[in-house]
Amino acid sequence: MVLEKDMSKIKVLHIITRLDKGGSAENTLLTVSLLNKEEFKVTLISGHTNDPDKEIASFITQKNLDYFLMPELVRKISPLKDIKAFFKIYHFIKKQGFDIVHTHTSKAGMLGRWAAKLAGVKIIVHTPHGHIFYGYFGWFKTKLFIYLERLTGPLTDKIITLTQRGKEEHVKYRIARPDKFVPIYSGIDVGKFVDFHADAVKEKEKLNIPLDVPVIGTVTRLAPVKGNQYLIASLPEVVKLFPTLKVLIVGDGSERGKLERYVKKLSLLENVIFLGICKDVRGILNTFDIFVLPSLNEGMGRCMLEAQALGVPVVATKVGGIPEVVRDSIGGILVPPRNPEAMAEAIINLLKNKSLRDNMSEEAKRWVGHRFSAGAMVEKISDLYKELIGAM
């Protein structure tokens, strides 16, 4: 596919390693689809996704996006594929002559920024989508990533962090000069959630949950850094007071088997339901009385925005960018990480107090609608692009 030349528009290339379901992919797809097509000519490159490619293809066709699949672009370190991906990106950029290259996530960020620099691109922007400074990898791999980010930071004109906390962490680890960082909150399609009117009764029926049974849950990756074992560890205390409680865990990952065994060990098989990956979580979220996120590290926690947009109060750990997403004691309750006792206390407090949940529900909806819309996010990114172009 050859792109048509349009000298009147700013040509922007977005590169992301993969478009698997999750915050980084959703952020990127919203950005490329909502940028003003009268001002920008936008192209997207990604590697293969683990989700059905036809779903991505359907979205791209619906939004009329210029999209190029690059199979060599993979998440794991693969010297041969990485070299091939680097040169393919380089030649693509040289041929198309982009004004701006905007990379997303670690691997695409490394390969894309160096390829863009070598190809002579004047403006390079990067969004890390969280950070990998602790909790995600072992000691050696973490140190390697930090070293590579420090090498690549000087090539980058602006680095968009999802929160102010994200900026502070990157500066702390000396990834780049402080003036290179721009915090822009990751937005969601607020209307998709605020205007969602599923019948909670029917949703509970689908899950075989009686109407009067309290429901809490989470939408997360089942990985060590997400701290799901601490949510499970908090449940025995909660179940003592609410024996019929149902806990819905949406998501999958390497820890699933371990977590299922832990649930069995704590005799919680009647309470905890692992639902796996769900295409559309809105109906499930609509059954929640409380959304719980027990992460040990979190760039932002996009799923909490979606829960709050639906009016679900949140109990979450006070780590990473979460305190910027959930207002403690207003839209939810924040607790220390790795503290099942504090988490149980917060869950019990909210389950006992419906009026408090109702108040938090209204506050959460207002907060997300005002501060975290996709439109507001893309407007700020658009302004940043134009500011950088104007400074050339």
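The values are calculated or read from the model by the stated rules, or taken from the named source; none is laboratory data. If you're wondering where the values come from, they're calculated on a predicted model, not measured in any experiment. Every residue, glycine among them, receives a Cβ derived from its backbone with ideal geometry; neighbour counts consider all protein chains shown.
Looking at this structure, is Ala344 more than 23 Å from Gly166 (Cβ to Cβ), touching a helix residue (DSSP H, G or I) at 6+ places or on another chain (Cβ under 9 Å), small (Gly, Ala, Ser) and outside any loop (DSSP other than H, G, I, E, B)? Taking the combined requirement at face value, the residue satisfies it. Residue count for the range 287-299, restricted to those that are farther than 16 Å from Ile333 by Cα and touching a Leu at 6+ places or on another chain (Cβ under 6 Å): 1. Counting only helices (runs of 4 or more DSSP H) that sit completely within the range 240-339, those holding 1 or more residues that are in contact with a strand residue (DSSP E or B) (Cβ under 8 Å, 6 or more places away or on another chain), of a type in the set (A, V, I, L, M, F, W, C) and without any contact (Cβ under 8 Å) to a residue 60 or more places away in the chain correspond to 256-265, 302-309, 322-325. Quick check on the range 75-112: of everything there that is crowded, with 16+ Cβ neighbours inside 10 Å and among the aromatic types (Phe, Trp, Tyr), which residue is nearest to Ile16 (Cα to Cα)? Ranking the candidates gives Phe86 first. Does Glu72 satisfy the condition of being at pLDDT 85 or above and surrounded by 12 or more Cβ atoms within 10 Å (Cβ to Cβ)? It is true that Glu72 is at pLDDT 85 or above and surrounded by 12 or more Cβ atoms within 10 Å (Cβ to Cβ).
For Lys202, the stated conditions do not hold, so it cannot be described as touching a strand residue (DSSP E or B) at 6+ places or on another chain (Cβ under 6 Å) and basic (Lys, Arg). Scanning the range 210-233 for residues that are more than 12 Å from Pro337 (Cα to Cα), of a type outside the set (S, T, N, Q) and in a loop (DSSP other than H, G, I, E, B) yields a total of 8.
Yes/no matrix, rows are residues, columns are (1) at pLDDT 95 or above; (2) among the aliphatic types (A, V, I, L, M); (3) farther than 17 Å from Met304 by Cβ:
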| site | (1), (2), (3) |
| --- | --- |
| Ala198 | no, yes, yes |
| Lys202 | no, no, yes |
| Leu207 | no, yes, yes |
| Gln229 | yes, no, yes |
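Against the numbered list (1) in a loop (DSSP other than H, G, I, E, B); (2) closer than 21 Å to Ile160 by Cβ, Gly375 comes up short only at (1). Hey, any hits in the range 138-158 for a residue that's polar (S, T, N, Q), in a helix (DSSP H, G or I), modelled with pLDDT under 95 and over 27 Å from Lys11 (Cα atoms)? Within the range 138-158, one or more residues are polar (S, T, N, Q), in a helix (DSSP H, G or I), modelled with pLDDT under 95 and over 27 Å from Lys11 (Cα atoms).
Test Gly166 against the criterion of being within 20 Å of Gly22 (Cα to Cα) and either part of a helix (DSSP H, G or I) or in contact with a His (Cβ under 8 Å, 6 or more places away or on another chain) (or both), and give yes or no. Taking the combined requirement at face value, the residue satisfies it.
Hey, could you check the range 263-314 for residues that are surrounded by fewer than 23 Cβ atoms within 10 Å (Cβ to Cβ) and touching a Cys at 6+ places or on another chain (Cβ under 9 Å) and say which is farthest from Thr220 (Cα to Cα)? My answer is Ile284. Take the conditions (1) small (Gly, Ala, Ser); (2) assigned to a helix (DSSP H, G or I); (3) surrounded by 19 or more Cβ atoms within 10 Å (Cβ to Cβ); Ser58 misses just one of them, which is (3). Look at (1) β-branched (Val, Ile, Thr); (2) part of a helix (DSSP H, G or I); (3) crowded, with 19+ Cβ neighbours inside 10 Å and you find that Val42 fails only one, number (2).
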